[in-house]
1. Enumerate by residue number the GluC sites (Glu not before Pro) in the range 33-97 meeting two conditions: DSSP loop (anything except H, G, I, E, B), and at most 13 other Cβ atoms within 10 Å of the site's Cβ.
2. Which pairs, out of LYS10/LYS71; LYS6/LYS83; LYS6/LYS66; LYS10/LYS66; LYS10/LYS38, put more than 23 Å between their alpha-carbon atoms?
3. With charges only on Cβ, +1 for K and R and -1 for D and E, what is the dipole size of the chain about its Cα centre, in debye, rounded to 20?
4. State the extension gain, in nm to one decimal, for the chain segment bounded by SER70 and LEU33, taking 0.36 nm per residue of separation less the distance between their alpha-carbons.
5. Give me the three principal axis extents of the range 33-97 from the C-alpha atoms, as integers in angstrom, largest value leading.
6. So, counting K/R as plus one and D/E as minus one, what does the shell of residues with Cβ under 15 Å around ARG18 add up to?
Amino acid sequence: MIAKHKRIWKKLQMLIERSCQEKCLDQCLDLLLTMDEKDNLIKRYLIIEGILEGSMPQRQLAEELKISISKLTRGSNELKKIKPTLRSFLKRNMEMK
C-alpha cells in the first residue's frame with residue numbers, strides 16, 4: 001500500500017472507531033459500503049469464522065458458503081499471517097457455532 005493510501009486507511013480506521021463510540025456505526029458503514037462490498041465482508045467474516053472453528057474441511061466450507069475454493073484460500077492465507085494475539089482476539093469475539 002502506498003504511503004498516501006496508508007494515511008487515508010488510518011483516517012478511515014479512526015472514523016470507524018469514532019462511529020462506534022458515537023453509536024452511528026451502521027449509518028457510517030451504510031455510507032461507505034455498497035451492498036456488494038458488504039456481502040464480500042460478510043463472506044470474509046464467514047470464511048474466517050469457519051476456518052477458526054475448524055469443524056470441516058476447507059473444500060466443504062467453500063461449498064457451504066457458496067464461494068470458490070480460491071476465495072476461501074485467499075482468506076485462509078491472510079489468516080496465516082496474523083499474530084497469535086489477533087487469532088486469540090478473533091476466537092474470543094467471533095461467534096463460533
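1. Numbers: sites: GLU37, GLU49, GLU53, GLU63, GLU64, GLU78, GLU95; in loops: GLU95.
Passing both the DSSP loop test and the Cβ count: GLU95.
2. Details: LYS10/LYS71 26 Å; LYS6/LYS83 20 Å; LYS6/LYS66 32 Å; LYS10/LYS66 32 Å; LYS10/LYS38 20 Å.
As for pairs spanning more than 23 Å Cα to Cα, those are LYS10/LYS71; LYS6/LYS66; LYS10/LYS66.
3. Numbers: 21 positive and 13 negative charges, 137 e Å.
Once rounded to the nearest 20, the dipole reads 660 debye.
4. Working: separation 37, 0.36 × 37 = 13.32 nm, distance 2.34 nm.
Extra length from SER70 to LEU33 when fully extended: 11.0 nm.
5. That gives 30, 29, 23 Å along the principal axes, largest extent first.
6. Details: positive: LYS10, LYS11, LYS23; negative: GLU17, GLU22, ASP26.
Neighbour charge sum, excluding ARG18 itself: 0.
FYI, it's all coordinate maths here, none of it is from the lab. Source: prediction; values computed, not measured. Positions of Cβ are backbone-derived with ideal geometry, glycine not excepted, and every protein chain shown enters the neighbour counts.
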